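Input: a single structure, listed below in structure tokens.
No lab work stands behind these numbers, since they all come straight from the coordinates. Note that the structure is a prediction, hence the values are computed from the model and not measured. We place every Cβ from the backbone using ideal geometry, glycine too, and count neighbours over all the protein chains shown.
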Amino acid sequence: MSRSANRLTSIACFAMLLTLAACGGGGGGGAVGPVDVLYFDGNDGVHGEELWKTDGTAAGTVMVKDINATAAGANSFPSAFTVMNGLVYFQSDDGIHGAELWKTDGTAAGTVMVKDINTSSPSASSFPNGFTVFNGALYFAADDGVNGRELWKTDGTSAGTVMVVDINTSSPSAGSSPNGFTVFNGALYFAANDGVNGKELWKTDGSAAGTVMVKDINTTGANEGSSPEGFTVFNGALYFVADDRLTGPGLWKTDGTEAGTVMVTTPGTFSPIGHMIVFNNALYFAALDSVHGTELWKSDGTDAATGRLKDINTSSPSASSFPEGFAVFNGALYFSADDGVNGTELWKTDGTSAGTVMVKDINGTAAGAGSNPASLAVLDGVLYFAANDGVNGSELWKTDGTEAGTVRVTDLCPGACDGIDG
């Protein structure tokens, strides 16, 4: 796995911005700082990409720790931030141990490596990600250099950081590459490849014996796989996208049993893509059809009430707006999309076609330039995200949902360099 791909992985709610309720029930006790802070991968142009946090103000946007201090401007690439027991867990590279599991309480002294999982060679990386809290532990995927990329868990200590099970034993260091971890109905669900059935739907109770394949959806050939993704809990079931290679990609759901794992929508009518989110009692996602391209769709969980919400990009036949990065905020669903005129900008919807509108053309430096908003995160009644206005590079922005209230928080890396790699 490449480092650049790994550090942009989003398994929690956002890729690089994480909301932590530092005091009280939301994030647990023990953390240091204001009531709420956002953690992110920031670059001030001096220390490289390092661990930063913000309370939403320019003055309160500070570097937590220069994790990779092996050279001036060296990067630690912190990513995949997730809260457990009041601490933030993440992946980072200190320049000595490779990309490994770290945690922080918000202070430099309290930012430490939990475990060097891959010790197969000096500076070898385990690239832990997909962090998901389940049954009092943090589950994730990692490569120890022996078994390949497999399912791991941690209690926050080095001794308590262990591999749950080696799912793919088809060859040494093969790895099952588990991903998409989602808690549903007392189990942790994910996609994995056992080396026999291909990438299919799995679940675990946290034990090796209790880690099993739910269903082999694609049975067209040995080790083919349906590649399930986009797991989202909705209306008492776990919804996801899968391809059985007979009817094509479609919207599926499961109750956790083989018999209860079924396709929801009419085969071949559209291809749902990637991440899904629940908003106002409906399931929203991007989907591709042969007429309108990749656009915003919604569903109530039935075939009859699944359809395109709006064709955002009508610049040419089958042009796509590629909606992604969904976040619910202040009674609306926010996301990035390209209308074919302004480029990829910040949009929102109230669930109707008429109420699906662009919030602001942040990058107006050229026609279709786009600010590419990403990593949407909510903090204290404000929506934060990374965006590039075409002048200052990719930086930290915030919005109250209005055009006038969509502004840059601070220029973390002065000039055209990127303060946040959105």
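Tabulated results
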{"item": "Kirkwood estimate for the stretch 169-264, i.e. one over the average of 1/r between Cα atoms, Å", "result": "13.3"}
{"item": "Distance from the stretch 134-195 to the stretch 37-83 (C-alpha centre basis), Å", "result": "27"}
{"item": "LEU246-VAL183 pseudo-label distance in nm [points 7 Å out on the Cα-to-Cβ vector]", "result": "3.5"}
{"item": "Whole-angstrom Cα spans of the stretch 262-309 along principal axes, big to small", "result": "27, 21, 17"}
{"item": "HN-Hα J in Hz across the stretch 333-341 - Karplus 6.51, -1.76, 1.60, θ = phi - 60°, x for Gly and Pro", "result": "9, 9, 6, 9, 7, 10, 8, x, 10"}
{"item": "P(r) of the stretch 257-360 over all Cα-Cα pairs, binned every 5 Å from zero, in whole percent", "result": "2, 13, 24, 25, 18, 9, 5, 2, 1, 0"}
{"item": "Whole-number percent relative contact order across the chain, with pairs defined as alpha carbons under 8 Å at least 6 apart", "result": "9"}
{"item": "Long pairs among LYS215/LYS310; LYS310/LYS398; LYS215/LYS298; LYS153/LYS310; LYS298/LYS398, criterion Cα-Cα beyond 29 Å", "result": "LYS215/LYS310; LYS153/LYS310"}
{"item": "Residue-by-residue Karplus 3J(HN,Hα) for the stretch 354-371, coefficients 6.51, -1.76, 1.60, Hz, glycine and proline x", "result": "5, x, 9, 9, 6, 6, 6, 8, 5, 9, x, 5, 7, 4, x, 5, x, 9"}
{"item": "Contact order relative to length of the stretch 52-182, as percent, for alpha carbon pairs under 8 angstrom and 6 or more apart", "result": "15"}
{"item": "The stretch 183-233: translational diffusion in µm²/s, Stokes-Einstein, Kirkwood Rh over Cα pairs, 10 °C, 1.306 mPa s", "result": "142"}
{"item": "Semi-axis lengths, Å, the chain, gyration tensor of Cα atoms, sqrt of 5 times eigenvalues", "result": "31, 31, 19"}
{"item": "Dipole of the stretch 169-264, positive direction: furthest Cα of THR219, GLY175, GLY195, with charges on the beta-carbon", "result": "GLY175"}
